[in-house]
Amino acid sequence: MSLVTVMGLWGACNLLKPSSPPKTLFPIPIPKALKPKTQPKWKPLECCLSKRDLNLSIVSLLLAAALPNTVFKVVAQELEEFQRYTDSVEGFTLLIPSSWIKVDKGGATVLFEEENKGVNNVGVVVSPVRLESLKQFGSPQFVADKVIQAEKRKESTKDAELIGVAERSGQGGLQVYEFEYIVDSTRGGMKRIFSAAFVNSKKLYLLNIAHIDKPESPLDSHTRTMLEQVLHSFDAAPST
C-alpha cells in the first residue's frame, strides 16, 4: 500500500465519522402524526485497516517525515532494483540486480548473470589464505598492479588498463580494496571490470563485476551507477 493510499484512507476515516447529527438553523414544528416514535441514532461509519496495513502506514509516515521526498524515492527504487544475497556459510554479502539470475560455474563460489547476456556478470570467489588482512599482502595500488599483470598474462587478453583504485572500511572496520579497469579480450571484446577484495578469518574474498563497454555501445551512466552500488555493497556477512 503506497503512502498516498494510506493517507487517503486515514483522511477518509476522519471525514466519515460525524461527531453529532446535523442541526437546523430554524426549527420547524412537525405534526405529531409525522413524528417518529423513536429518534434515529447516528452511527459513525467505520473505516477499518488491517494490522499489517496499519503498520505499513506508520512506517511510511515515519519515513516520509524523516527523509526528504527525493531520498524516499531513491530508497524505494533501490529496493526494487536490487536483492541482497548473503552466503552465511562462506561469510559474505552483497547486492545483486534483481533481474539477474544465479548460474552454476566451476571455480566460482557464486555467479550471477544478466539474462540472455552472460558476458555481463557478477561473481565471487572465496579461497583460504594465511593472511590476516590485505594490508599484509600490500597496498591497494600494489594489489591492483598484480591484478592487471594477471589479466595481461591470459591468452585471451589483448590489453588491460587500470582506471582507479580505492580503499574503504567494511564490517567491523574490515579493509576492503576496490579496483576498476578495462580489458580488451578475444572473448567478448571490450569490458569494464569492477573488482573488490578483502581478507577475513584467513579467507580471501574476491568480487568480479564484468560488463560490456565497447566504443559502439559504451556503458551508460545508469548501469555504471548500478554496478558501483554492487561493488560498494560487497562485505563480510554480519555475525549472528
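Values quoted throughout were computed directly from the atomic coordinates according to the rules given, and no laboratory measurement underlies them. This is a predicted model, so every value here is computed, not measured. All Cβ positions, even for glycine, are placed from backbone atoms using ideal geometry, and neighbour counts span all protein chains on display.
Annotation: amide H-H contacts under 5 Å for residue 235 (H modelled 1.01 Å from N, sequence separation of 5 or more, or interchain): 93. For residue 160, neighbours were defined as the other residues whose beta-carbon sits under 15 Å from its Cβ, and their charges (Lys and Arg +1, Asp and Glu -1) total 0. Other residues with beta-carbon under 12 Å from the beta-carbon of residue 235 carry, at +1 per Lys or Arg and -1 per Asp or Glu, a net charge of 0. Restricting the chymotrypsin sites (Phe, Trp or Tyr not before Pro) of the range 89-194 to loop positions (DSSP other than H, G, I, E, B) with no more than 16 neighbouring Cβ atoms within 10 Å leaves 137. Here the Kirkwood formula puts the hydrodynamic radius of the range 77-173 at 16.2 Å, using every distinct Cα pair.
In this simple spin-label approximation, residue 83 and residue 137 carry label points 7 Å from Cα along the Cα→Cβ vector, and these lie 2.9 nm apart. Amide H contacts for residue 185 (H built 1.01 Å from N in the peptide plane; partners 5 or more residues away or on another chain; cut-off under 5 Å): 158, 190, 191.
If R0 is taken as 22 Å, the Cβ-Cβ distance between residue 182 and residue 203 corresponds to a FRET efficiency of 0.15. Rounded to the nearest whole Hz, the Karplus-based 3J(HN,Hα) values (6.51 cos²θ - 1.76 cosθ + 1.60, θ = phi - 60°) of the range 190-199 follow the sequence 6, 9, 8, 10, 10, 9, 9, 8, 8, 10, with x at glycine and proline.
3J(HN,Hα) along the range 217-225, derived from phi through the Karplus expression 6.51 cos²θ - 1.76 cosθ + 1.60 where θ = phi - 60°, amounts to 9, x, 5, 7, 5, 5, 5, 4, 4 Hz, with x in place of Gly and Pro.
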